[in-house]
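Chemist: I am attaching a structure below and will ask some questions about it afterwards.
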Amino acid sequence: MAPNKSTEEPVAAPASSQEDETMEEDVALQEADAANPAIYNLGDSRIQLLPGGDEFNTSFEFQKEDHTLGNALRYIIMKNPEVDFCGYSIPHPSEALMNIRIQTFPPYTAQEALNKGFEDLIALCDVVADTFTTERNAFAANQESQMQT
Amino acid sequence: MDFDDDMILDQGPAVTITEAGDNFVNFALQKVDLSFANSLRRVIMAEIPIMAIDLVEIEVNSSVLPDEFLCHRLGLIPLVSKNCTEDVEYTRECDCDQYCSRCSVTLSLHAKCTSNEIMKVYAADLLVDHDRANPWVGTPVITDAEGKGTVICKLRNGQELRMKCIAKKGIGKEHAKWAPVAAVGFEYDPHNKLKHTDLWFEKSIAEEWPASKHAEWEEPAQEGERFDPDAEPDKYYFEVEGVGNLAPDQIIHEGIKVLQTKLATILNALGETKEDAGERFLPDDDVDMGGRNDFDNGYTTPGYNGPSYGNHGRATPYGATPYGQSGY
């Protein structure tokens with residue numbers, strides 16, 4: 001990011017309640033369309049909302065991400081029964097951009113689905129890491145006992 | 001965690017280790033989705049930080065090899081990288097001016113041939129500076145019986161090498177010398193029951209395509225069995241072959257950790273608009289990186305506090321950063 005950006009106000013201020021957030025996002029979306037059709041910044045400078053859509057049908061653009069995040073995230077978001085559709089694409093192979101489209105059943109918002117996707121994927125990683133550790137210890141113990149006999 | 005209770009956690013992902021050694025581990029990962037297994041593979045190959053020589057200051061090189069030839073070879077020498085994720089900083093994020101003991105390891109090489117015999121310079125001849133982040137990091141990986149390591153160069157009588165090598169932390173996405181693995185074998189559905197591959201054949205697939213070593217782990221398609229279009233892959237055979245920088249099980253754990261940190265950082269940044277999310281997942285060292293924001297040069301290593309700064313304001317139009325494209 002350009003270094004001189006830090007003086008600007010954060011665009012999306014913390015919202016205290018669910019409703020506030022939805023409204024805020026609505027406003028932000030309109031604002032984005034008016035000011036710059038291409039981009040609205042979502043707090044994290046690497047994620048942007050793409051134009052066209054509402055809070056239940058949203059396209060997010062991730063900078064500097066690829067299939068590593070995209071495919072796994074797409075899968076885990078699709079597992080959410082509140083989600084109608086989720087897909088991802090890498091618009092051009094020489095640009096490090098990844099777009100993810102989320103469509104949800106109202107009143108569940110696409111951003112909630114995205115957040116939940118991240119949380120679930122982190123939890124899945126934990127489970128796999130634990131399973132691997134358990135299995136590795138069992139394997140090591142087994143090897144040792146075989147060595148002794 | 002309401003819906004995935006029955007989807008994932010009830011059955012739970014399973015791991016079966018089939019073989020393991022000092023430098024490799026073969027295992028089967030079960031009951032996860034193809035996309036997750038593939039993410040794990042990708043992250044292991046490209047995004048685990050390890051140490052490699054990145055900067056070489058050549059004082060004398062009268063060998064037959066040109067300077068850049070030697071630098072390239074030096075870069076490819078595997079260096080012990082135990083705990084380097086935590087202990088070593090990225091040079092671009094470090095507070096120092098150029099490089100320091102917290103973000104780099106200095107190895108010096110001085111060799112001169114004074115006899116009529118051809119002299120070989122080995123990786124073991126690299127002298128590691130003890131002023132480093134932890135007592136292992138940066139030592140060349142030496143596995144041969146004589147303890148010499150790889151040959152860097154051969155010298156004739158009178159030829160000399162004198163150079164200072166700076167090893168830095170990096171990821172395989174930037175340069176393959178930072179990849180902790182030589183290869184990650186990844187296979188699923190050895191009998192091709194899902195028809196994800198279209199096997200070319202002249203007369204018969206069975207005769208022309210030798211069975212993979214994982215074929216015996218799964219039932220072949222029965223005679224006259226109908227193709228199930230809804231079937232999903234379920235078991236993935238990994239063969240992780242390390243280079244010696246990290247122990248194989250460390251590689252797996254680091255891989256999962258890198259993936260998690262990647263997710264947590266984004267979630268955390270998103271959480272700025274929604275207070276409850278994120279925070280709790282991030283590792284403790286989340287705070288600011290000491291104000292070197294302007295040094296984000298093109299590629300930010302995902303998950304390493306990258307986006308925790310500069311997150312105010314809009315991006316430049318069309319999202320282009322002034323630092324150009326990343327190192328993909």
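The values are calculated or read from the model by the stated rules, or taken from the named source; none is laboratory data. Please read these numbers as outputs of a predicted model, since none were measured by experiment. Because the Cβ atoms are built from the backbone with ideal geometry, glycine has one as well, and the counts that use them run over all protein chains shown. Ligands, DNA and RNA are excluded from the accessible area calculation, which covers all protein heavy atoms including side chains. Shrake-Rupley method; radii C 1.70, N 1.55, O 1.52, S 1.80 Å.
Chemist: I need the full set of residues from the range B:251-266 which are more than 11 Å from the chain's Cα centre (by Cα) and open to solvent by 10 Å² or more (accessible area, probe 1.4 Å), in order please.
Modeler: B:253, B:257, B:260, B:261
Chemist: Just to verify a result, which residue in the range B:220-235, among those that are under 16 Å from residue B:190 (Cβ atoms) and part of a loop (DSSP other than H, G, I, E, B), is most open to solvent (accessible area, probe 1.4 Å)?
Modeler: Within the range B:220-235, the match that is most open to solvent (accessible area, probe 1.4 Å) is B:232.
Chemist: Can you pull out the residues in the range B:161-184 that are more than 15 Å from residue B:55 (Cα to Cα) and surrounded by fewer than 16 Cβ atoms within 10 Å (Cβ to Cβ)?
Modeler: If the condition is that a residue be more than 15 Å from residue B:55 (Cα to Cα) and surrounded by fewer than 16 Cβ atoms within 10 Å (Cβ to Cβ), then B:176, B:182, B:183 are the ones that fit.
Chemist: Quick one: which of A:20, A:66 is at pLDDT below 50, of a type in the set (D, E, K, R) and out of contact with any His (no Cβ under 6 Å at 6 or more places or on another chain)?
Modeler: Every option except A:20 fails the conditions.
Chemist: Does residue A:133 satisfy being polar (S, T, N, Q), in contact with a His (Cβ under 8 Å, 6 or more places away or on another chain) and modelled with pLDDT of 90 or more?
Modeler: Judged against the criteria, residue A:133 is a match.
Chemist: Quick check on residue B:134: is it in a loop (DSSP other than H, G, I, E, B), open to solvent by less than 20 Å² (accessible area, probe 1.4 Å) and among the polar types (S, T, N, Q)?
Modeler: yes
Chemist: Counting only residues that are more than 9 Å from chain A (Cβ to nearest Cβ) and either open to solvent by 10 Å² or more (accessible area, probe 1.4 Å) or not in a strand (DSSP E or B) (or both), which one in the range B:25-36 is nearest to residue B:236 (Cα to Cα)?
Modeler: Step by step, filter the range B:25-36, then rank; the result is B:30.
Chemist: Let me ask something additional. All but one of (1) small (Gly, Ala, Ser); (2) part of a helix (DSSP H, G or I); (3) modelled with pLDDT under 90 hold for residue A:38, so report the exception by its number.
Modeler: With respect to (1) small (Gly, Ala, Ser); (2) part of a helix (DSSP H, G or I); (3) modelled with pLDDT under 90, residue A:38 is out only on (2).
Chemist: If you don't mind, there's one more thing I want to ask. Could you please find all residues in the range B:217-248 being charged (D, E, K, R) and within 16 Å of residue B:27 (Cβ to Cβ)?
Modeler: Selection gives B:218, B:234, B:235, B:239, B:241.
Chemist: What number of residues within the range A:79-118 satisfy the criterion of being open to solvent by 60 Å² or more (accessible area, probe 1.4 Å) and aromatic (Phe, Trp, Tyr)?
Modeler: Within the range A:79-118, residues that are open to solvent by 60 Å² or more (accessible area, probe 1.4 Å) and aromatic (Phe, Trp, Tyr) number 2.
Chemist: Limited to the range B:141-155, what total is found for residues that are open to solvent by 10 Å² or more (accessible area, probe 1.4 Å) and touching a residue at least 60 places away in the same chain (Cβ under 8 Å)?
Modeler: 5
Chemist: Considering only strands (runs of 3 or more DSSP E) fully contained in the range A:42-102, which possess at least 2 residues that are more than 9 Å from chain B (Cβ to nearest Cβ)?
Modeler: It comes to A:57-63, A:83-89.
Chemist: Give the range B:49-100 a look and list any residue that's assigned to a helix (DSSP H, G or I), within 30 Å of residue B:158 (Cβ to Cβ) and open to solvent by 60 Å² or more (accessible area, probe 1.4 Å), or say none.
Modeler: Those that are assigned to a helix (DSSP H, G or I), within 30 Å of residue B:158 (Cβ to Cβ) and open to solvent by 60 Å² or more (accessible area, probe 1.4 Å): B:67, B:68, B:69, B:72, B:73, B:76.
Chemist: Looking only at residues that are closer than 30 Å to residue B:248 by Cβ and β-branched (Val, Ile, Thr) in the range B:151-205, which one is farthest from the chain's Cα centre (by Cα)?
Modeler: Among them, the one singled out is B:197.
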